[in-house]
Amino acid sequence: MKKFGLILLCLLLFAAVVGGAAAWFMMTPRGVLRSDLPEDIMQRLLEEKGPEGWRAEYIRLCHPAVSEFESADKVAGDLFDAAAGGSDFTFRAVPGTQSDASAEFLVSAGNADLFRVRFRYVNQKWGYSAEGLDTLRAETRTLSVTVPEDTALKLNGRSVDAGYIAERGLPYDDMTELERRFDSYPTRVRYEIGGICEAVTLTASREGGLTELYSDGTTWEYTLPDAGSHAFAVKAPSDAVVTVNGAVLTADDVTATTAYPTRMDIPGELQSRLPGYYIYTAGGLYSEPQISASLSDGTALTPQTAADGTVVYTLPVSQALYDACHARVEDFLMALCEYGAGHTARYAPGSYAVGGSTVANYITRARASLYWTVGVATSYGSITSSDYVPLGDDAFLCRGHVVATTTTKYQTRDQDIVYEMLWVRAGNQWMVRDLDYSYDLHKMDR
């Protein structure tokens, strides 16, 4: 009986020892029989999460600094893909962090450490927390966008406000020096947008449209659709003040000179009195030209547009000269017309002409042929004169216009005659020195 009791006691003692050892191996943090050791949990995490799970975890934990035009989540995801795409995930212990109640591991993909996982033994079990490592960096760049001043920009669908403007009032590179003298002219603005990580979508819009000159994903340049397409040509008296968009044209802007257009034979002593004209031309303008001209005394000149598009300013009519001379000029024109109709006995236009001049000789020599011109009746619609241009105090140019009808026994003809004349002072009287005329055939009955 004693022997049996001893054996039972030995068995109980053995069971206690075995049970205690088992409890030790199972209940202590690092017991070899535990199934939730940090290393085991880490291995299961790698297998259970997989690449997509770790990607989602990285986006949740990491928040890269980005501009207002990009998404931190998208940048984080793209950084993760660039570092871990196609690589196996592994983990390794952080040296010096292993103890009975704690452990830390680094989770890596390829050569990139992505997470730090911390384990702590609390309430008889291992728990963990993950931290995203800020080891991945996106290279950033600064965008430069140069656009016409009234352009609206959107970057990745978001409006770019004026706070991103780095430079204002930039002239276009090929803008002429003349245009830069204008009171105002189109300019550009340049935006700078920093901290951009990824490829972007930029849109630019303005009323009237835009033309893209250059873009490479970092730098954009736009211009106006009609950039440099405006031009002008102006002909004005040499002493006139010509202004284009507020800029006064100078002698340096003159491209050609010409004398007052006339068919008259101007004597040498009057040549210097003949008004001169300056011609101004310019192209490659961004601004539509607004042109004005005036004399030095402020008298505004009225423009006319020639067939080739040139804006022409002529000298204003000398009202004083017209008032003083138009009656004599128009009397001469009537006398000349009546003389030409054969009424030589009553009219003597030669008395208006400078003796020995071409005009005087023409009138005198015509008399012989006019002997045979008889039976012609004349009537007048109008006899007028205009465009009085003084050549100093003792000479002037002018134009005349006669609308008349001549009637004979056989026919009636309408006459429309345009004259150009040079008059000079002889003593106290104005005399015609040169004369040219032409018929407006379109206004004559044949």
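The values are calculated or read from the model by the stated rules, or taken from the named source; none is laboratory data. Because the structure is a prediction, the values reported are computed rather than measured. Every residue, glycine among them, receives a Cβ derived from its backbone with ideal geometry; neighbour counts consider all protein chains shown. Surface areas here come from the heavy atoms of the whole protein model, side chains and all, with no ligands, DNA or RNA. Shrake-Rupley method; radii C 1.70, N 1.55, O 1.52, S 1.80 Å.
A few points about this structure:
- Taking 7 Å steps out from each Cα toward its Cβ at SER71 and VAL354 produces label points 9.2 nm apart.
- Segment 119-201, accessible area per residue, ligands and nucleic acids excluded (1.4 Å, Å²): 57 Å²
- Taking every C-alpha pair closer than 8 Å and separated by at least 6 residues, the mean separation divided by the residue count of the chain gives a relative contact order of 8 percent.
- In the context of the full set of protein chains, residues of segment 303-416 present 55 Å² of accessible surface per residue (probe radius 1.4 Å, heavy atoms only).
- In range of the label at GLN304: residues from segment 243-258 whose backbone nitrogen is under 19 Å from the point 7 Å along Cα→Cβ: 258
- Based on C-alpha pairs under 8 angstrom that are at least 6 apart in sequence, segment 106-228 has a relative contact order of 26 percent.
- Potential extension, ARG141-LYS409 segment - 0.36 nm per residue separation minus Cα distance: 86.7 nm
- Mean residue ellipticity (222 nm) of the chain, computed from DSSP H runs ≥ 4 via -39,500 (n - 2.57), nearest 500: -7500 deg cm²/dmol
- Each residue of segment 353-360 was assigned a 3J(HN,Hα) from its phi angle through the Karplus curve 6.51 cos²θ - 1.76 cosθ + 1.60 (θ = phi - 60°); the sequence is 9, 5, x, x, 6, 4, 5, 4 Hz, with glycine and proline shown as x.
- GNM result for the chain, Cα springs below 10 Å: residue of ALA152, ALA109, ALA204 fluctuating most strongly: ALA109
- Distance (nanometres) between label positions extended 7 Å along Cα→Cβ at GLU39 and ARG399: 11.2 nm
- Net charge, PRO171 excluded, C-beta distance under 13 Å - Lys, Arg +1, Asp, Glu -1: -1
- Between the amide H of PHE115 and those of VAL107, LEU133, distances stay under 5 Å, these residues lying 5 or more places away or on another chain, with hydrogens modeled in the peptide plane.
- At an R0 of 41 angstrom, the distance between the Cβ atoms of ASP416 and SER287 translates into a FRET efficiency of 0.45.
- Once the chain from ASP134 to VAL248 is taken as fully extended at 0.36 nm per residue, the excess over their C-alpha distance is 34.7 nm.
- FRET efficiency for the pair ARG365 and ASP174, taken as 1/(1 + (r/R0)^6) with r the Cβ-Cβ distance and R0 = 45 Å, rounds to 0.10.
- Shown for the chain: the carbon plus sulfur share of the solvent-accessible area, taken with all protein chains present and a 1.4 angstrom probe, equals 52%.
- Nearest-0.05 FRET efficiency for TRP372 and GLU212, computed from C-beta distance (R0 56 Å): 0.10
- Per-residue HN-Hα couplings for segment 244-255 [Karplus 6.51, -1.76, 1.60; θ = phi - 60°; Hz; x = Gly/Pro]: 10, 6, x, 8, 7, 6, 10, 4, 5, 8, 6, 9
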